[in-house]
Amino acid sequence: MMTCNNVREMLALQPLIEDPAIEMHLDQCDACTKYRRQHQALDVMLRAELHWEAPAALTQRLLAMAAAQAQLPVATPQPLMQSRAPIAPVRPQAWFVTSVYVLTMVIVALSLLVAWQVIGSLTSQIEVGALLTQLLALPAQGLAYLNQKLPESRLAIDFFLRVRVQLLWLLLVAVLWAVLDKVDLQISFRGRQISL
């Protein structure tokens, strides 16, 4: 026996379907019967609205144009302009190409010199060595500050460092495994070839 959902789904897709199982369900279920009538009415209305007939005058004009084209001999299209000799592509002269290359190289060289001067003036004002030392000291300072403010955090940091060491060992094993998996090693042991 079909359920209401199955019947309504089939009726939504095909409102005019004639299936004995659906008909049997519709005889017993008033809600589905009402649903079918609504969809059939909607289907009829949509078909009527979407049907369009061209006006008779337009149809006659199109048919007359088609008949006139069929009676005329096919004419070859005439060119709009007289044919001329093909135009050869214009290539720039050698001195123009050379001057463009030279100007480009001069601009690149000047840009590099300006960048060198700017970087040189910045590095003289900012001591790069001192800046790198400060950047490398930041993690240690952060840990010291954290230990000072939250002494219990030392246990979590120690645990993290131990786990980090173990994870680095696992990473090393995984990399070695991947390398050995790709390499086809053959070892001879007591006169036998062993492939790894």
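The values are calculated or read from the model by the stated rules, or taken from the named source; none is laboratory data. Model, not experiment: these values are computed from the prediction. We place every Cβ from the backbone using ideal geometry, glycine too, and count neighbours over all the protein chains shown. The protein model used for the area step is the full one, side chains on, heavy atoms only, and it has no ligands, DNA or RNA in it. Shrake-Rupley method; radii C 1.70, N 1.55, O 1.52, S 1.80 Å.
For the chain, what % of the accessible area comes from carbon and sulfur atoms, probe 1.4 Å?
Carbon plus sulfur share of accessible area: 68 percent.
Per residue, how much accessible area does the chain have with a 1.4 Å probe, in Å²?
Dividing the accessible area of the chain by its residue count gives 94 Å².
Please identify the DSSP H helices in the chain that span no less than 15 Å along the helix axis (Cα) and have a mean Kyte-Doolittle hydropathy of -0.5 or more.
Sorted by number, the helices that extend far enough and score high enough are 56-71, 94-125, 128-149, 153-182.
Would you mind calculating the gained length between Val163 and Asp27 on full extension (0.36 nm times residue separation, minus the Cα-Cα distance), in nm to one decimal?
Full extension of this stretch gives 41.8 nm more.
Quick one: dipole size for the chain, taken about the Cα centre, charges +1 on Lys/Arg Cβ and -1 on Asp/Glu Cβ, in debye to the nearest 20.
Rounded to the nearest 20 debye, it is 1000 debye.
For the chain, which cysteines have no disulfide-compatible partner, meaning no other cysteine Cβ under 4.7 Å?
Cys4
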